[in-house]
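As structure tokens, the structure follows; a few thoughts come after it.
Every read-out reported here was derived from the displayed coordinates using simple, explicitly stated rules and does not represent laboratory data. Being a predicted model, the structure only gives us computed values, none of them experimental. With ideal geometry, Cβ positions are generated from the backbone for all residues, glycine too; neighbour counts draw on all protein chains shown.
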Amino acid sequence: MNDFPTHEEIHVISDIHMGGKPGFQVLRETARLAKFISWVGARRPEQRVALVLNGDVIDTLAEDIAGYVAVDDALPTLERIMGDAHFRPVWDALATFVRREGRQLVLVIGNHDIELAFPQVQRRLLERLCGDNAAARARVEFSTTGAGYACTVGNARVFCTHGNEVDPWNFNRYEDIARVARRINSGRHLYLDEWTPNAGTRLVRDVMNEVKRKYAWIDLLKPETATAIGTLLAIDPSQLGKIAKLPAIVGARIGGDVQVDQRLSADGLQRPPPSSGPPALEALLGANVRQSMRGFGQGRSGDEMLLALEDPAPPAKAFGDAPLGVTQLLWDRLTGWLSGISPEEALRMALLDWWRQDRSLDLGHRDETCSEVVAKLGQAVDFVVTGHTHLERAIDLGGRYYFNSGTWIRLIHFDETLLADRAAFAPLYQILKRGQMSELDAARIGGKPLVLDQSSSVAIGVENGVTVGKLNHVDASGTPLLVRQFP
């Protein structure tokens, strides 16, 4: 007897991010996604086929919710996302999919859709997709406890997990999520100040979302590293007042190092070494920005400035939404830099810092998510599939295979030539400055579209008695086209 579900074929996609109102939506290809779901539904009609939505299916952080997690407004938020005309074709296609015999739909929790763990949200999703069809309901499985989804395909063991389990910025505290679910079922209220969000959620809700409303493209750059802060400030210096929140956010991220080791590991007995404290200024702003800021820091080092940010003494004045005593040193240095350089040049330098960490097109790069997830796997797993980073991967690890299913949202990849040359950057800067999603979609720089046309999926299936894993790109018809495969 097999301990896990068995399929002849599974298809995995992640990071769909259905959420946000028009103009704030990062998922563009909803018609393509609906066609892809229909294509999977029609595969191998006499055999078992699964579709795994491997985290961040919806995006409540892009919605107008109270606080950092939707509890009282979880159902209205879900209803708005399901009722949005842009996303409706996807829900319709999923409803058709689960009504087909031999199909299985699996929804794995991510870090943008933790509300999928709440009982009333699961019930409403089942109503939307299945109605009263008991057979269709049996074809839907929720994985919301951090266990991921395990199955077999042919003679191969497959494990799917979102990947945020090993990310100290964005890990889920599944025990707390379960406690909230118990509160909901028992009719008790959760007060907003009771929920402590992870550092990544705080960064999105407290800092990023306001910038994204004017400059939507900031959400399309990957990887999301601390050097994003320099880009945020270069494009919108008014956000400087929120810099005072960063030490606390970074501190929460460091605290996440202690907890994240227990997320995916089954034993939870390892303890990482204690953190040495918040990173130096260059880790927050990037080397290019830091270098160009020299002379504006009144002789103080980045470490001294960060220590000053932690000074608890209450000042007499306030700047923005943070005490002046907390932000004054950083404010002096950054405002001096921003006043002494053009906004165009400031953004170019910040994006260069970001670009130098960008390995998004390197399918074989063993990034931190790959290394950390694989390190925690047992030897029985042959294929592991993650998401979360939005960066697709297909790696032969020697006897086992790692895939990252990338994303379906818009992505921007800047060529170095655009950033290294001021004249080449000028037309791109004008597009970014206006910040409209429609203009980004239409933009062509150097004859190439600014927004990548890249909808990624992973397929694992039995072919001629051999289990084969494939990284695919889905075209406009919904058909996957092979990028890389491993037997």
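Couple of notes before you dig in:
- Extension gain from residue 415 to residue 448, taking 0.36 nm per residue of separation minus the Cα-Cα distance: 10.9 nm
- Residue 436/residue 479 FRET efficiency (R0 30 Å; Cβ-Cβ; nearest 0.05): 0.45
- When 17, 413 are sorted by how many other C-beta atoms sit within 10 angstrom of their C-beta, beginning with the fewest, the order is 413, 17.
- ³J(HN,Hα), Karplus 6.51/-1.76/1.60, whole Hz, each residue of the range 85-102, x for Gly, Pro: 4, 5, 8, 4, x, 5, 5, 5, 5, 5, 5, 5, 4, 6, 8, 8, 5, x
- Placed amide H near residue 483: partners under 5 Å, 5+ positions off or other chain: 471, 472, 473
- Listed peptides 398-411, 425-438 appear in the order 398-411, 425-438 once ranked by packing, highest mean of other Cβ atoms within 10 Å at the front.
- Karplus (6.51, -1.76, 1.60) ³J(HN,Hα), θ = phi - 60°, over the range 125-140, in Hz, Gly and Pro reported as x: 4, 4, 4, 5, 8, 10, x, 9, 6, 5, 5, 5, 4, 5, 8, 10
- For the range 159-178 and the range 411-474, distance of Cα centres in Å: 27 Å
- Taking amide H as placed 1.01 Å from N in the peptide plane, residue 140 has its amide H under 5 Å from the amide H of 105, each at least 5 places away in sequence or on another chain.
- Summarising the amide proton neighbourhood of residue 157: residues at separation of 5 or more, or on other chains, whose placed amide H is nearer than 5 Å comprise 382, 383.
- Among 171-182, 456-467, 52-63, 102-113, the order from most to least packed when residues are scored by Cβ within 10 Å on average: 52-63, 102-113, 456-467, 171-182
- Rounded to the nearest Hz, the phi-derived 3J(HN,Hα) couplings of the range 66-75 under the Karplus curve 6.51 cos²θ - 1.76 cosθ + 1.60 (θ = phi - 60°) are 7, x, 9, 9, 8, 10, 4, 9, 5, 5, where x marks glycine and proline.
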